[in-house]
Amino acid sequence: MIYPWSSNDELYDALLNRAADYDGRAFVGVTSTQIFCRLSCPARKPKRENCLFFETVGACMEAGFRPCKRCRPLESAAQADPLIARLLKALEALPGYRWSEADLVKMGLDLSTVRRRFKRQFGVTFLEMARLRRVQDGVETLARGGRVIDAQLDAGFDSASGFRTAFARLLGDPLSQFSNQSLLKADWIKTPLGPMIAVSDKRSLHLLEFFDRKALPNELKKLRKAVRGDLGFGRFDPIEQIQGELKAYFEGELCSFQTPLTFWGSPFTKSVWQELQRIPMGQTRSYSQMAALIGRPSAVRALARANGANQLAIIVPCHRVIGAGGDLTGYGGGLWRKQKLIDLEHRTMAAFDASLPTSHAT
């Protein structure tokens, strides 16, 4: 989201003018449709507040956007490179297929060549692109209330068995490995931004993440290792509490969370998470501001890593940290969610301020 050669306003002007000279250099993600386009796309132009700009196709897909079917932002690279064209055609033909390196070898392709060409053209490898497509298909189908074709998401978690199956696949363990007498229990919570996974013991919440977060499998494995205990299905009181609080939050009726939490991290990481919780709703901070607030002004990179390692999405509001220039920066749940969370909180605080009685001088 950093453009040394242009500003977001310049990019929006280019979008309005269908400037073809930006093709391959910048893309626009439209938050109201979750589609990304070339700036020269002939489709009806979105409102400025619904636009996020990216430098690569990979960044668009990682933020949860799907390629436009009118301007076909992947097509120029495919036309210039027969190898890319071949693999994109195969991806379109089998959108739900779990591609592996073995599949590429069977096609007679050199793995390093495929990896290098896709990374250069799109900012992601072919296998990463295929995974992102599966996740996007699953989330999109879930949002429509239908069956999810991604093997990680089963039937929109309308049943406990569907969730258990998807969760077991996520961890790579058979269902028999999950104990009903476990120290930790996991369940899903439906939200307007997609399903979230909550993990707690009897006293506190240990994890809250969007189910399609790329780092979720590793986070869950680290959590199991940290507590040295089994993980089961179901919910303790903290999950019930956070479900109610999230409902109120998304309805604009809650400004702070009270669910008890357990942090797993180094003292420095915990200090970052605690400072994140001090950012008032409706406000944002830059990474440099956060580093100064914890008394480590030179530790901006370390702070960014701690911010990204947060396992309690929304409650520990890492989405309130943005770039120094005001641009959105990386967010594990996708930049489109980060924008929606910030917008929601602005609306909530605006409504709260409007409800306060007006004071009059006497």
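Please treat every number below as a calculation from the coordinates, not as lab data. What you see is a predicted model; the values in this text were computed from it and never measured. Ideal geometry is used to build each Cβ from the backbone, glycine not excepted, and the neighbour counts take in all protein chains shown.
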Notebook entry, point to check: Shape of region 187-243 from its Cα gyration tensor (a ≥ b ≥ c, root eigenvalues): rounded if a/c is under 1.5, otherwise prolate when a/b > b/c, or oblate?
Noted result: oblate
Notebook entry, point to check: What is the set of long-range amide H partners of Ile35 at a cut-off below 5 Å, with H atoms built 1.01 Å from backbone N?
Noted result: Val30, Arg66
Item checked: For region 75-135, alpha-carbon Rg and Dmax in angstrom -> 10.6, 27
Checklist line | Projected label distance in nm at Gln181 and Ala215, using a 7 Å step from Cα toward the beta-carbon | finding: 3.5 nm
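Given 10 °C and 1.306 mPa s, how large is the Stokes-Einstein diffusion coefficient of region 8-67 in µm²/s, with Rh as the Kirkwood radius over Cα pairs? Mind showing how you got there, number by number?
Numbers: Rh = 11.0 Å.
In µm²/s, the coefficient is 144.
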Notebook entry, point to check: For region 299-316, what does the Karplus curve 6.51 cos²θ - 1.76 cosθ + 1.60, with θ = phi - 60°, yield as ³J(HN,Hα) per residue in whole Hz, taken in order and with x for Gly and Pro?
Noted result: 9, 5, 5, 5, 5, 4, 5, 5, 4, x, 8, 4, 9, 10, 4, 6, 5, 9
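What's the extension gain from Leu111 to Leu91 if we count 0.36 nm per residue and subtract their Cα-Cα distance? Intermediate values should be presented prior to the final figure.
Values: separation 20, 0.36 × 20 = 7.20 nm, distance 1.63 nm.
Length difference between fully extended and current span is 5.6 nm.
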Check: When the chain is fully extended, how far beyond the present Cα-Cα distance does Ser355 get from Met281, taking 0.36 nm per residue of separation?
Finding: 25.0 nm
Next item on the list: Just need the relative contact order of region 298-344 here, percent rounded to a whole number, with Cα pairs under 8 Å and 6+ apart.
Entry: 26 percent
Check: What is the spin-label model distance, in nm, from Arg296 to Arg48 if the labels are put 7 Å beyond Cα along the C-beta direction?
Finding: 3.8 nm
Next item on the list: May I ask you to derive the FRET efficiency for Arg347 and Glu240 from their Cβ-Cβ distance with R0 = 22 Å, giving the value to the nearest 0.05?
Entry: 0.25
Margin query: Under the rule of at least 5 residues apart or a separate chain, name every residue whose amide H is placed under 5 Å from the amide H of Leu207.
Written below: Val199
Check: For region 267-349, what's the relative contact order in percent, using C-alpha pairs closer than 8 Å and at least 6 residues apart?
Finding: 36 percent
Notebook entry, point to check: Near the amide H of Ile322, under 5 Å away, which other amide H atoms are found, from residues 5 or more places off or on another chain, if H is placed in the peptide plane?
Noted result: Arg285, Ser286, Tyr287
Next item on the list: With the convex hull built on the Cα atoms of region 267-349, state its orientation-averaged projected area in nm².
Entry: 4.9 nm²
